[in-house]
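Worksheet: one structure, shown below.
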Amino acid sequence: MSSARVSEIEKKKQELENELVRIQEGIDRSIDEVKDEVAENLDPKTIIRKYPLHILGASILAGFLLGRPKTKGYNSSGSSSLLASEIKKALTKKGLSMLGEILDEKLNSKRD
């Protein structure tokens, strides 16, 4: 083989390696963009902002399903009842807080 032919092959090899690097960088950027988009779309605040009424309905439904009726013949241990009560209170406070934030943001966006 002549040295010109070897030089041409080396040049082609270098071009192919550079192309592979560009392709890999493009794939890495695409993966990062998809990862960021998925993380943003799965963020609870984003979901609540997109579907506030659906979330409110689901939380009310969950409250009814998780709530226990207080009837005469109902027996439960004191500690589990107290724990359930505290969890309900915490969830209610958090839900109302988030609802308040959403309403504030809606009002502020309408004012601007």
ask   = What residue, among those in region 3-34 that are over 35 Å from the mean Cα position of the chain (by Cα) and of a type in the set (Ser, Thr, Tyr), is modelled with the highest pLDDT?
value = 7
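Listed here are the residues, each with its yes/no results for (1) modelled with pLDDT of 80 or more; (2) among the aromatic types (Phe, Trp, Tyr).
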{"position": "51", "(1), (2)": "yes, yes"}
{"position": "54", "(1), (2)": "yes, no"}
{"position": "57", "(1), (2)": "yes, no"}
{"position": "64", "(1), (2)": "no, yes"}
{"position": "74", "(1), (2)": "no, yes"}
{"position": "80", "(1), (2)": "no, no"}
{"position": "94", "(1), (2)": "yes, no"}
{"position": "97", "(1), (2)": "yes, no"}
{"position": "107", "(1), (2)": "no, no"}
remark   = Flagged in region 46-71 as basic (Lys, Arg) and without any contact (Cβ under 8 Å) to a residue 24 or more places away in the chain, in numbering order, are 50, 68, 70
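The values are calculated or read from the model by the stated rules, or taken from the named source; none is laboratory data. None of these values were measured; they are calculated from a predicted model. Glycine also receives a Cβ, built like all others from the backbone with ideal geometry; neighbour counts cover every protein chain displayed.
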